[in-house]
Amino acid sequence: QTFEKLLIANRGEIACRVIKTCKKMGIKTVAIHSDVDSNAVHVKMADEAACVGPAPTSKSYLNMDAIMEVIKKTRAQAVSLNESICCSWLLIFSLSPKLKPSLSLQALEGVTFIGPDTHAIQAMGDKIESKLLAKNAKVNTIPGFDGVVKDADEAVRIAREIGYPVMIKASAGGGGKGMRIAWDDEETREGFRFSSQEAASSFGDDRLLIEKFIDNPRHIEIQVCSNKHGNALWLNERECSIQRRNQKVVEEAPSTFLDPETRRAMGEQAVALAKAVKYSSAGTVEFLVDSSKNFYFLEMNTRLQVEHPVTECITGLDLVQEMIRVAKGYPLRHKQADIPINGWAVECRVYAEDPYKSFGLPSIGKLSQYQEPLHLPSVRVDSGIQQGSDISIYYDPMISKLITYGSNRAEALKRMEEALDNYVIRGVTHNISLLREVIIHPRFVRGDISTKFLPEVYPDGFKGHKLTDLERRELLATAASLYVAEQLRSQRFLGTPRIPIAKSQRSSWELSVHLGDGVYPVAVSKDGSSFSVEVDGMKLNVTGEWNLASPLLSVTIDGTQRTIQRLSRNASGNTSIQFLGTVYKLQILTKVAAELSKYMPEKAAEDTSNILRSPMPGTAVAVSVKPGDTV
């Protein structure tokens, strides 16, 4: 026996994820959506859908009155609380012929919330209260001040008592919002001001707490699952140390850092906290772990985490199904000894972001072309978009969660590398180049990571893949071969050659390829489906199917297989190619065209002296000057 109908008060990939499990369990679903999401994937997947307001989240997905109306119209016995403005919530209900449409909110009894009860949500959602509860449950906590910080002067006094550096963070916060690190009194005052402002705007609660900042830690979390009968399990850990602006970028399970004893200790403390707060659902207890494997409670997330798929991969459990079973009152189907670690899983958060700006500032636009790499083995993609979807300023810019699985870590990482190369995303700027560089970096590969990984590895910001001499030759040879293949195809269609062909047994071309600040002479000769390309005195053999209509091209360069994407081209020989995850701009000219190009006038650079250009889409919340002010 299960529920008949489930209403999902969320959008995007998590809504789609819940609907998939509901279909498997035979549960009907109701999707809610804003007016700009009327054609969203989760709306199309659900059995029923209703609009609950305009685009802003506060007026739609968190509009309780509108959602109550949907419940009444669908003759549904349902209502519940949302965890916070940052968190999803699910309402689940059974159809009832006795339900009267005039019933008020207070009269709606028998409603089941897929998730923990109100007490657990409030207790764990408040960082001050959750820390006190963790202490009482004998969970390791970070030294700090457990009360509410009143003002900047008190913040400075507390920070001095704790000892710098300190972390100032919002009591009701999450997702990295309202958090600042302070190394001295001045930074503490500034951090208090900014954190309280951000906390008030993001959560409607400007209370702050201060605790010791654990320098150079790992961020490792434990997945728990508990029921209403007081039983609880820990489902192993997730390594979430690769972050930017306190938000996770790459996650994996298990962690390379934990030994069985530390894993067990963390799991037992996570379960102790869940039992202490009478938690009944799936949840995540997050810890900071120092270099000596000392671990400290950070927070508990009372919802299904973005990174939950890696846990599902290594345990074989469907966490959404477990949440629904627990909500229905069923006992847990497993014992602690039944929870395995089978293989390795890695998740990359694919965002519509520009990784060259602070490791990722949001990008907006329409997905003009979109193709997930699901043709590859052991690849999972959790997404809530499709080709033609809009990435707007109103919602999180996440495109998808890309997950790969392998029998070991090396296999999972190799599959992730291939999946990123085969992921086609056009119309918005995305962070695939950053993700690919992270997973192949020697430090990441050997497991030498912390929450400071990105600023330490890229102290001057992310610049894309740095080509070796061999990789540069491979790129030049591939671009030249692709250019010739396209010209030959045009020749077949038009009947006349567009580039000069040497009079010899083997067709050959002399080209000039511009890449960055360099100009490289490239000689290309063709025999059958292969090209022999000479670059910098080195000859490379390039073969491929050259299906120029496909967004993906598989080429083999001297026995090394590469998947490339050509993003754009024009009649002037300018082309953009995604190679090893990074997009490179090249110009390919024949020898004659290259000679003539020096007579072309250079395009003048844009005069930006009187322009203030925003680095990202957003809303101007304050203008600190007025006409006539001296800046």
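The values are calculated or read from the model by the stated rules, or taken from the named source; none is laboratory data. Here the structure is a predicted model, which means the values were calculated and not measured. Reconstructed Cβ throughout: ideal geometry from the backbone, glycine too, with neighbour counts over all protein chains shown. Just so you know, the surface numbers come from the protein's heavy atoms only, side chains and all, with ligands and any DNA or RNA stripped out. Shrake-Rupley method; radii C 1.70, N 1.55, O 1.52, S 1.80 Å.
Could you work out how much longer the chain between Lys44 and Tyr356 gets when fully extended? Use 0.36 nm per residue separation minus the Cα distance between them, nm to one decimal.
Working: separation 312, 0.36 × 312 = 112.32 nm, distance 3.45 nm.
My answer for the length gained is 108.9 nm.
Rounded if a/c is under 1.5, else prolate if a/b beats b/c, else oblate: with a ≥ b ≥ c from the C-alpha gyration tensor eigenvalues square-rooted, which is the stretch 573-631?
Oblate is the answer for the stretch 573-631, as a/c is 1.5 or above yet b/c matches or exceeds a/b.
Could you state how much accessible area Ser529 has, in square angstrom rounded to the nearest 10, with a 1.4 Å probe and all protein chains kept in place?
For Ser529, the solvent-accessible surface is approximately 80 Å².
Only Lys, Arg, Asp and Glu count, each charged at its Cβ (+1, +1, -1, -1), so figure out the dipole size of the stretch 144-212 about its Cα centre, rounded to 20 debye. All intermediate terms of the calculation are to be shown ahead of the outcome.
Values: 10 positive and 14 negative charges, 39 e Å.
So the dipole magnitude of the stretch 144-212 works out to roughly 180 debye.
Keeping every protein chain present and rolling a 1.4 Å probe, give me the accessible area per residue for the chain in Å². Before the final figure, lay out the partial values.
Values: 28960 Å² over 631 residues.
On a per-residue basis, 46 Å².
Give me the percent of the accessible area of the chain that comes from carbon and sulfur atoms, probe 1.4 Å, all protein chains in place. Spell out each step's value before the answer.
Details: 14510 of 28960 Å².
Summing carbon and sulfur atoms, their accessible area is 50 percent of the total for the chain.
Might you work out the accessible area of Leu454 for me, using a 1.4 Å probe with all protein chains in place, and round it to the nearest 10 Å²?
0 Å²
Which value, in Å² rounded to 10, gives the accessible area of Cys313 with a 1.4 Å probe and all protein chains present?
That residue has around 40 Å² of solvent-accessible surface.
Got a sec? Which residues in the stretch 431-449 would a label at Leu376 touch, if it sits 7 Å along Cα→Cβ and we count backbone N under 19 Å?
431-442, 444-446
Residues of the stretch 20-39 with the amide nitrogen closer than 18 Å to a label point 7 Å from the Cα of Lys73, along Cα-to-Cβ, please.
Counting backbone N atoms under 18 Å from the label point, the list is 29-39.
How long is the gain from Tyr164 to Gln321 if the chain were fully straight, where each residue apart is worth 0.36 nm and the alpha carbon distance is subtracted?
Working: separation 157, 0.36 × 157 = 56.52 nm, distance 4.46 nm.
Here the segment from Tyr164 to Gln321 would lengthen by 52.1 nm.
Pick out the long, greasy-scoring helices in the chain: whole DSSP H runs spanning 27 Å or more along their own axis by Cα, mean Kyte-Doolittle at least -1.0.
Values: long enough: 469-494 (37 Å, -0.22).
Qualifying helices, which must be both long enough and hydrophobic enough, are 469-494.
Grab the Cα-Cα distance for Ala55 and Arg613, subtract it from 0.36 nm times how many residues apart they are, and report the gain in nm with one decimal. Please list the in-between numbers first.
Values: separation 558, 0.36 × 558 = 200.88 nm, distance 2.52 nm.
Using 0.36 nm per residue and subtracting the Cα-Cα distance, I get 198.4 nm.
As an exercise, use a Förster radius of 25 Å and the Cβ-Cβ distance of Met538 and Lys603 to find the FRET efficiency, rounded to the nearest 0.05. If you can, show how the numbers build up before the last one.
On the way: r = 33 Å, r/R0 = 1.34.
FRET efficiency, Met538 to Lys603: 0.15.
Beta carbons within 10 angstrom, averaged per residue: use that to sort the peptides 68-74, 617-623, highest first.
Working: 68-74: 17.9, 617-623: 7.6.
The peptides rank, most packed first, as 68-74, 617-623.
Starting from the Cα of Ala66, step 7 Å along the direction of its Cβ; do the same at Asp517; then give the gap between the two resulting points in nm.
Label at Ala66, label at Asp517, 5.3 nm between them.
Please compute the modelled spin-label separation between Lys23 and Lys278, points set 7 Å along Cα→Cβ, answer in nm with one decimal.
Roughly 3.8 nm, to one decimal.
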